[in-house]
Structure formats: C-alpha cells, structure tokens
1. What pairs come out if I take residues in the stretch 66-81 that are assigned to a loop (DSSP other than H, G, I, E, B) and pair them with residues that are open to solvent by 50 Å² or more (accessible area, probe 1.4 Å) and not small (Gly, Ala, Ser) whose C-beta lies under 6 Å away, six or more apart or interchain?
2. Is there a residue being outside any helix (DSSP H, G or I), open to solvent by 40 Å² or more (accessible area, probe 1.4 Å), touching a residue at least 12 places away in the same chain (Cβ under 8 Å) and hydrophobic (A, V, I, L, M, F, W, C) anywhere in the stretch 18-31?
3. When residue 99 is evaluated against the numbered criteria (1) aliphatic (A, V, I, L, M); (2) open to solvent by less than 70 Å² (accessible area, probe 1.4 Å); (3) in a loop (DSSP other than H, G, I, E, B), which criterion, by number, is the only one it fails?
4. Out of 57, 84, I need the residue that is closer than 18 Å to residue 29 by Cβ, open to solvent by less than 50 Å² (accessible area, probe 1.4 Å) and either within 16 Å of the chain's Cα centre (by Cα) or of a type in the set (D, E, K, R) (or both). Which one?
5. Among the residues of the stretch 63-81, write down those that are among the β-branched types (Val, Ile, Thr) and farther than 14 Å from residue 30 by Cβ.
Amino acid sequence: MPEALLFWRFIASSLDRLVACLDGLDADDLNWRPPAPGANSLYALATHTLGNSEENILETLGGRAVGRDREAEFAAIGASAGAIAARWRELRAELARTLAALPAGALDTEYAHPRRGTLTGRAILIVVARHAAEHLGQAELTRDLLRAARDEPRVRD
C-alpha cells in the first residue's frame, strides 16, 4: 500500500528525530520541564507521542487493543533515554508491519477514533503525522530551553 507507506516515511522521520532529542541526557534532564504552565518534559513528550502513534496505527487502523493510558503519558518519568529508544525500536517495526499489511481501501474506510469521532484511515494517518511533527518541534524547543537553563551552547541540527 504505497500511500500508507508515504505517510509512514514522514511519521517515522519525526519520531526518529524526537527520540534522538533524548540522546545523552540523564534522568534530571529527561524529566526537566520548562518553567511554563502545562509544559512537558522530553520524556513525557516522547512517551505521549509514541503512545499516540501506537493507538492510532496499531489499535484504530490495525484493530489490535493496546490499552493506552493517555493521561499517564504526561506524568511519565524516566531514568534513562534507553527505555524510550528501546520502546521506539520495537514499536517502529510493529507500526511499519501494520501499515504494510493494511488491506486495499483501508485509507478510505471509516474508523471509530477514541476521541475524534469517525475518521477515514487517511485522516488518521494525517493526525499521526501532524501530531508527531508538532511534538517533535516541542521536543526540540524543550531541549534548547534545557540547554539554556544549563548554560550549554546550542547545537544546530
């Protein structure tokens, strides 16, 4: 299914980059939150964004229950980036397999989304791609704010 895999290319790229934002950070840095109301840590952003992709692709499109706890994602605290990186490696393969196995017409089929009502498969992939890109931008900004708070020079990506 080439169209679904085109979406996947952009989703995976955003998630690869988001997970890379956590590289080399210790627990304090992973869990640091910018001094703004409602701001999230890098660990929470990564946990939440992976959960969104898992729910939308594996559960909503793939029909496999994942038991997502969206609220817990924002409260997630981690000791190392390794746990997120390992989760992403495993999830990445599962998401790619699920999208590759979608039957013909899956992108035009309507699905019951847990929070957004009825959406086509195509609209679900647009939601996932947009969501991943949005949180990638937040993660990059959070990483830059963390570096500024730690008086570290900004590294250009």
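The values are calculated or read from the model by the stated rules, or taken from the named source; none is laboratory data. Source: prediction; values computed, not measured. For neighbour counting, all protein chains shown are included, and Cβ atoms are generated from backbone atoms with ideal geometry for every residue, glycine included. These accessible areas exclude ligands, DNA and RNA; they are computed on the full protein's heavy atoms, side chains included. Shrake-Rupley method; radii C 1.70, N 1.55, O 1.52, S 1.80 Å.
1. Listed pairs, sorted by first residue: 66/59.
2. No, there is no match, as no residue in the stretch 18-31 is outside any helix (DSSP H, G or I), open to solvent by 40 Å² or more (accessible area, probe 1.4 Å), touching a residue at least 12 places away in the same chain (Cβ under 8 Å) and hydrophobic (A, V, I, L, M, F, W, C).
3. (3)
4. 84
5. We begin by selecting, within the stretch 63-81, every residue among the β-branched types (Val, Ile, Thr); these are 66, 77.
Listed by number, the list holds a single entry, 66.
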